[in-house]
Number of protein chains: 2
Amino acid sequence: MSACSRIVLAGRPAGAPTLDNFHVETGPIPVPASGQLLVRTLYLSLDPYVRGRMSIAPSYAQPIAIGDPIEGEVVAEVVQSRSSEYLEGDLVRSKVGWCTHATIRPEHARRVQVGSVPITAHLGVLGMPGFTAYVGMKVIGQPKPGETVAVSAAAGPVGSLVGQLAKLAGARVVGIAGSAAKCHFLVSALGFDAALDRHTEDFSRALQDLCPEGVDIYFENAGGAIWPAVLPLLNRYARVPVCGLVALYNSAQQMGRDSLSETMLAVLRRSLLIRGFINSEFASEHYSQFLREIGPLVANGRIRYREHIVEGLESAPSAFIGMLEGRNFGKLLVKVANA
Amino acid sequence: MSACSRIVLAGRPAGAPTLDNFHVETGPIPVPASGQLLVRTLYLSLDPYVRGRMSIAPSYAQPIAIGDPIEGEVVAEVVQSRSSEYLEGDLVRSKVGWCTHATIRPEHARRVQVGSVPITAHLGVLGMPGFTAYVGMKVIGQPKPGETVAVSAAAGPVGSLVGQLAKLAGARVVGIAGSAAKCHFLVSALGFDAALDRHTEDFSRALQDLCPEGVDIYFENAGGAIWPAVLPLLNRYARVPVCGLVALYNSAQQMGRDSLSETMLAVLRRSLLIRGFINSEFASEHYSQFLREIGPLVANGRIRYREHIVEGLESAPSAFIGMLEGRNFGKLLVKVANA
């Protein structure tokens, strides 16, 4: 391929994104300026938070401008280096967006070590989603032996690691996921103590049955109607890291029935902690330790992960739309080119 | 007075308490057993949290049983001591309930030092309400110079100290209170930077005007319709200590319009911290330091407080009912007997 493709924001979604919101542009491969790198995308990560960036809404980040590439992190190969820091053939992780090629400055890249784990892991369990799970549990959740941890979107890349970290800390883990197959995976492959399909009839009662001693940490990774079921189960001093609300990103859905008053009363009466966060706020303090601690556990198979890989950059929009509906199973990646 | 009076729970309120929910009982003055103290109440503290104890609701404490005295803390004089730890004439603070006399074990009393501050301060600025303000700010809020702190029920005993502690930390303080007189008091007597009557028309806009740089700490001390006005103003990393929701205790009112989804999205997008608490969870770690730090500031007038004192135990029910409607102005106390 001698051309560069990129997918740009064609229009802002009203509710769920549609294919019309995306536009594929093709042009010449860019030329790196002095000090820059030209990189070739191998894998692109698709992540729910990007839905927020497609809208103009108060958030922790600027929205994507119409005509700009959709935001996304990639693992890419350096094909031309005009920097002394990288050689051609080096692999890097960088937020270049949905494109086959890009020029970047070295300070916007992070080196990917080839060897102990597959390179795709650097976009999942050892990348942003994994770090999100890690700091959410380490800094906010702080699981203790014997506690009960519930996590939503549990079969996704964040939830999967949340549950495994809780198990490593000696806690009991209940995963909430979107299908029977995902629930089976959580228990049989990842060692969760129990898992519950969020579509289960009388979900509240079923969740209560799986949490006979209440819930000490609810890792809010989904949004939507799970909250009213979890709220009554939260024990005194329970912690609620909030890292994702995918059910709300398309803005039509609510958090179940109106329960703000109940939420605040529960917060007061049970000394609850609710803390929203984004992984980047903890990067400088915790990222190195995360890699040192979790990297070996991934390499030796003690921590497991699942990937859902689609082929070709042009598949990104439909895969992204499906992810917001929960149709992926594992960390969603686009294979853009062969290594 | 040679008899003992006490006010017991006659029935559980449906919504706002009424005088029918209270019953005055008179009987002989109790006789202390070996190791016990007989105390005579001088001042009784009336506090909003007691409304919660009158209902059967999931809370951090057991409800008051029908026929049992209403819960409350007093400053009392030891009139007979069968313990080596106290002498007759000593003053103590204890949770004996709404009564003129009680027998207690010494471990349920805390000695009140007579001298540098009026004894009533031990039920307010140096008592449970003051300690609530102190730990809410010290442990959860953590105000920094230049930040903006908003506090509701600001003219009450908790809110008054919250604002003054924020000023001492170099923050800007906006108080929200229930009358123009209270607002005037906050600015002129306590040194708040601004104050806003919660009945102000277009309250949200008025609050926004008073917080041009947003809000870094909202001390939630009231509940009700203030939250939807504060939420859009909360800055990234804002902290929300939740210590009281008096507007919800009578359960009819809601937190303004349905905004749980907006609340959770704001929590996520702005990395907000919401933490309910009760002062007692921090007592062992922080109470001594609180007295060491705040006691001298009260004694030398650097920290100011206001009291609202009604006369006679029989006034307690109507004063309590009025307090839940915001009719008190300052820490509400009942003077039960002369010192």
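Observations, loosely collected:
- Taking the convex hull of Cα positions in the protein assembly as shown, its mean projected area over all directions (nm²): 33.0 nm²
- Spin-label model, B:A299/B:H23: points 7 Å from Cα along the beta carbon direction are separated by 4.6 nm.
- Quarter the surface of the alpha carbon convex hull of region B:15-111 and you get the mean projected area, 6.8 square nanometres.
- All Cα pairs of region A:150-304, percent lying beyond 27 Å: 22 percent
- Looking at chain A alone, DSSP beta bridges between its own residues are antiparallel in about 55 percent of cases.
- Computed with a 1.4 Å probe over protein heavy atoms only, the accessible area of B:H199 comes to about 120 Å².
- Under DSSP loop assignment and at most 11 Cβ neighbours within 10 Å, longest GluC sites (Glu not before Pro)-free interval of chain A: A:89-200
- Inter-copy separations for B:P145, label at 7 Å along Cα-Cβ, nm, ascending: 4.6
- Inter-site label distance for B:H108 and A:A225 at 7 Å from Cα along Cβ, in nm: 4.8 nm
- For chain B, the relative contact order comes to 17 percent (Cα pairs under 8 Å, sequence separation of at least 6).
- Residues considered: B:D209, B:D197, B:D47. Largest GNM mean-square fluctuation over chain B, using C-alpha springs under 10 Å, is found at B:D209.
- Kirkwood-based shape ratio for region A:50-99, expressed as Rg/Rh from alpha carbons: 1.13
- 22 Å Cα-Cα reach of A:K331 towards lysines, excluding residues that sit fewer than 8 places from it in its own chain: A:K95, A:K138, A:K167, A:K182
- Between B and A, accessible area buried - total, square angstrom, nearest 100, 1.4 angstrom probe: 3300 Å²
- Cβ-Cβ distance of B:A339 and B:Y287, R₀ of 22 Å, FRET efficiency by 1/(1 + (r/R0)^6): the value works out to about 0.35.
- DSSP beta bridges in the protein assembly as shown [antiparallel fraction, %, rounded to 5]: 60 percent
- What the Cα convex hull of chain A gives, in volume per residue, is 131 Å³.
- Per residue, the convex hull spanned by the Cα atoms of region A:55-172 amounts to 150 cubic angstrom.
- Descending Cα extents along the principal axes, region B:106-226, whole Å: 52, 29, 26
- Distribution of pairwise C-alpha distances over region B:212-339, 5 Å bins, in %: 2, 8, 12, 15, 16, 17, 15, 8, 4, 2, 0, 0
The values are calculated or read from the model by the stated rules, or taken from the named source; none is laboratory data. Quantities reported herein were computed from a predicted structural model and do not represent experimental measurements. Heads up, the Cβs are rebuilt from the backbone with ideal geometry, glycines too, and the neighbour counts pull from every protein chain shown. Ligands, DNA and RNA are excluded from the accessible area calculation, which covers all protein heavy atoms including side chains. Shrake-Rupley method; radii C 1.70, N 1.55, O 1.52, S 1.80 Å.
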